[in-house]
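Engineer: Attaching a single structure in structure tokens format; questions to follow.
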Amino acid sequence: MKAIMVKFDSLNRHMLAPYGADWVHTPNFARLAARSTTYDNCYVGSMPCMPARRELHTGRHNFLHRSWGPLEPFDDSMPEILKQHGVYTHLASDHQHYWEDGGATYHGRYNTWEFFRGQEGDAWTGQVADPEPPEDLRSNRNDLWRQDWVNRAHMDTEEKHPQTLTFDAGLEFLRVNRAEDNWFVQIETFDPHEPFFTHKRYKDLYPHAYDGPHFDWPDYTKVTETDAQTTHARYEYAALLSMCDHSLGRVLDAMDNYGLWDDTLLIVCTDHGLLLGEKGWWGKLVQPWYNELAHIPLFVYDPRRPTRAGSRHTGLVQTIDIAPTLLEFFGVDRRPDMQGRPLSEAIDDSLDEVALRESAIFGMFGGHVNITDGRWVYMRSCRDSTNQPLYEHTLMPTHGRGRFAPHELIEAQLAGPFDFTKGVRTLRVPARIGPGFDPSRFGTLLYDLADDPQQERPAQNGEAELRMIRLLVEQLRDNDAPPDQYERLGLPQDPEQVTTAHLQVAAHREQPRQVAALGSAPRADEFPEGRLGLRTPLTVLLSDPVAVEAVRRFVPGLTDSELLTVRGSVSLLQLSAATGQPDRDQLTGLADELVRLFPRS
């Protein structure tokens, strides 16, 4: 038996033809869907890049205990387990995070591995002189940006692109080993992750009139660009996605040419999606994990069930199911710590669907903790803007690109073992929260996907919220979440103790009404940052196009540039700066109008 995994980074489900996209050129994804099972309800688990890859190895969630980091000494690793059972494992990748401090223990779990340089500011080509990017470049202009422009000079043709080299290597492994048995190859590209760097033949698939600045690398922030710039960035992403589609087609061709469909498992997956202006945001990390990020594509071809070709699966599955799926395919028992289940168990002998789980938990360390049952999505915020208590639990104290500093470890203590650490105690380290990261400013959110599949109208439904909170507490318990997570979220540790006192959605949606009750023209310093007052962000409201129209009606003649200021800063204080200081009646009128338009938000 043989297995191939093709893994992309930041692959948007809603931009693929098998999931309904009609303007993005992805014929090979359509070709794949015709041959495999397409999963319609697959969700992420631990986010972002390396936490997701830790799940890929371990088959269990890790975001409740740890931020970005390496595999821990007590972690099980699916490729290593396969290797120990006589299955040859190989990794071909251009994903530079594998070779940084915060990911340095992953590639060594395979028998062999190859790495191709140059993606997203990878510290690759040494050049003292500054690069010469376009004069009209729109970029965050940090060190990654500088190195990226150094690297791009060495990737001037498609043949030199790291994605191309990665798939060249993966295809060479298939060519050399096609007649052998018992192997698993993981072909993994960083694309279509930003920056959206690709070549002319893919850009030519998306002709459009554009005379704005060079813009293929949005920051992780609110959209403040013009509509033309936003549309252009989406086309740049689409062009890179079409390059990914071409690379996928090369793998499908190899499977055709080498007759691999008879005995080879094929998994095509991603770690998460990417916001391209939806909800008024670029990127990820800052905002809640909306479905554009969390609801991901998954395609699986199992040679043991060829009659499933072209089928759809609607059951709730997650990325933690991939490791158990590969182990089961090779006849290897999954480890007790693995929470995922083989996808083969989602189909019974009569080829009918079987539910693998009632709910799926997902999120990022220190952010919202989210739960879905496939219809409802509940995003639980921290109690307040302090986002405390919050601790890292690790024996590998590294961040993404560096080690923990000594001052971060001064207050470290040994914590008791968790149920997955094999009796090993971890370091309990006060978590470092980045500046501006405050999940409480978005509040707790509830969405009914049956009524609102685009998550445009946060719902207020006490009965549904109560049920989702209980499911969430059950998942926290099943994941052996540390006590600080319950306290940070304002939740009991027993699902039977969840009551209406733990409901948050309605209270958080009432905040704009309280803003309206403020006095006339108060000073900004009277209201502490993150507390209720003029600095209280109204992100949920003002990111919605209907709310934007309400602002336009409230302030007749508001220019586009002033509106961008409102949407970018999303606070009444910035609104005042753009339009002149409003008096109490104006503030009250604005808040009342927004609340009237958003009775459930």
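Rule-based calculations on the coordinates, nothing more; no lab input. From a predicted model like this one, the values you see are computed outputs, not experimental measurements. A quick note on method: Cβ atoms are made from the backbone with ideal geometry, for glycine too, and the neighbour counts reach across all protein chains shown.
Engineer: For the stretch 9-92, run through the chymotrypsin sites (Phe, Trp or Tyr not before Pro) and keep only the ones in DSSP coil with at most 15 other Cβ atoms within 10 Å of their Cβ. Display every interim value, and only then the final one.
Structural biologist: Values: sites: TYR19, TRP23, PHE29, TYR39, TYR43, PHE63, TRP68, PHE74, TYR88; in loops: TRP23, PHE63, TRP68, PHE74.
The qualifying sites are TRP23.
Engineer: Which one, THR157, LEU137, LEU171, projects farthest toward the positive side of the charge dipole computed for the stretch 135-185 from Cβ point charges (K/R +1, D/E -1)?
Structural biologist: Positive-end residue among those listed: LEU137.
Engineer: What aspartates and glutamates could a cross-link reach from LYS203, if we take a straight Cα to Cα line under 18 Å and drop same-chain neighbours fewer than 8 places away?
Structural biologist: Within the straight-line limit of under 18 Å, LYS203 reaches these aspartates and glutamates: ASP22, ASP156, GLU158, GLU159, ASP191, GLU194, ASP211, ASP216, GLU236, ASP245.
Engineer: Next question, about the same structure. What does the charge count around TYR98 come to, taking other residues whose C-beta lies under 14 Å from its C-beta (Lys +1, Arg +1, Asp -1, Glu -1)? Please list the in-between numbers first.
Structural biologist: On the way: positive: LYS7, ARG53, ARG54, ARG109, ARG117, ARG401; negative: ASP9, ASP94, GLU100, ASP101, GLU114, GLU120, ASP122, GLU188, ASP271.
Combined, the nearby Lys, Arg, Asp and Glu give -3.
Engineer: Antiparallel as a % of all DSSP beta bridges within the stretch 2-355, to the nearest 5?
Structural biologist: Numbers: 11 of 39 bridges.
The antiparallel proportion sits near 30 percent.
Engineer: Kindly give the semi-axes, whole Å and largest first, of the ellipsoid equivalent to the stretch 346-438, taking each as the square root of 5 times a Cα gyration tensor eigenvalue. Please report the intermediate quantities before stating the final value.
Structural biologist: On the way: eigenvalues 226, 79, 28 Å².
Three semi-axes, in Å: 34, 20, 12.
Engineer: Which far-off residues, 5 or more places away or on another chain, put their amide H under 5 Å from the one on VAL369, with H placed in the peptide plane?
Structural biologist: ARG380
Engineer: Residue by residue through the stretch 380-394, which ³J(HN,Hα) values in whole Hz follow from phi under the Karplus form 6.51 cos²θ - 1.76 cosθ + 1.60 (θ = phi - 60°), with glycine and proline marked x?
Structural biologist: 8, 8, 5, 5, 8, 5, 6, 6, 10, x, 8, 10, 7, 10, 7
Engineer: Run the dipole for the stretch 161-220 about the Cα centre, Lys and Arg Cβ at +1, Asp and Glu Cβ at -1, nothing else charged, and hand back the magnitude in debye, nearest 20. All intermediate terms of the calculation are to be shown ahead of the outcome.
Structural biologist: Working: 5 positive and 11 negative charges, 55 e Å.
Dipole size: approximately 260 debye.
Engineer: Still on this structure: Projecting each Cα onto the charge dipole of the stretch 11-137 (Lys/Arg +1, Asp/Glu -1 at the beta carbon, about the Cα centre), which of PHE63, GLY108, GLY86 comes out farthest on the positive side?
Structural biologist: GLY86
Engineer: The stretch 156-210 to the stretch 251-315: how many Å between their Cα centroids?
Structural biologist: 16
Engineer: Continuing with this model, one more query. Going by amide H atoms built from the backbone, whose H comes under 5 Å of the H on GLU392, apart from near neighbours?
Structural biologist: Hits under the 5 Å cutoff: VAL429, ALA431.
Engineer: Right, another one. Taking the Cβ of PHE8 as the centre, find all other residues whose Cβ is under 12 Å away and add up their charges (Lys, Arg: +1; Asp, Glu: -1).
Structural biologist: Numbers: positive: LYS7, ARG13; negative: ASP9, ASP94, GLU188, ASP191, ASP245, ASP271.
Within the 12 Å Cβ shell, the charges total -4.
Engineer: Okay, next question. With +1 on the Cβ of every Lys and Arg and -1 on the Cβ of every Asp and Glu, and nothing else charged, how large is the dipole of the stretch 147-291 about its Cα centre, in debye rounded to the nearest 20?
Structural biologist: Values: 12 positive and 25 negative charges, 73 e Å.
With only Lys, Arg, Asp and Glu charged at Cβ, the dipole is about 340 debye.
Engineer: Also, quick follow-up: Excluding PRO389 itself, calculate the net charge of residues whose Cβ lies under 9 Å from the Cβ of PRO389, where each Lys or Arg counts +1 and each Asp or Glu counts -1. It would help to have the intermediate numbers written out before the result.
Structural biologist: Working: positive: ARG488; negative: ASP484, GLU487.
Residues near PRO389 contribute -1 overall.
Engineer: For the stretch 140-265, what are the per-bin percents of Cα-Cα distances with bins 10 Å wide, up to the bin holding the maximum?
Structural biologist: With 10 Å bins starting at 0, P(r) equals 11, 36, 29, 16, 8, 1.
Engineer: At a Cα cut-off below 28 Å, give the lysines reachable from LYS422, other chains included and same-chain residues fewer than 8 away excluded.
Structural biologist: Reachable lysines: LYS83.
Engineer: Cα-based Rg of the stretch 361-506 per 2.2 N^0.38 Å, rounded to two decimals? Kindly include the intermediate steps, with their values, before the conclusion.
Structural biologist: On the way: Rg = 16.6 Å, N = 146, 2.2 N^0.38 = 14.6 Å.
Normalised by 2.2 N^0.38 Å, the Cα Rg of the stretch 361-506 equals 1.13.
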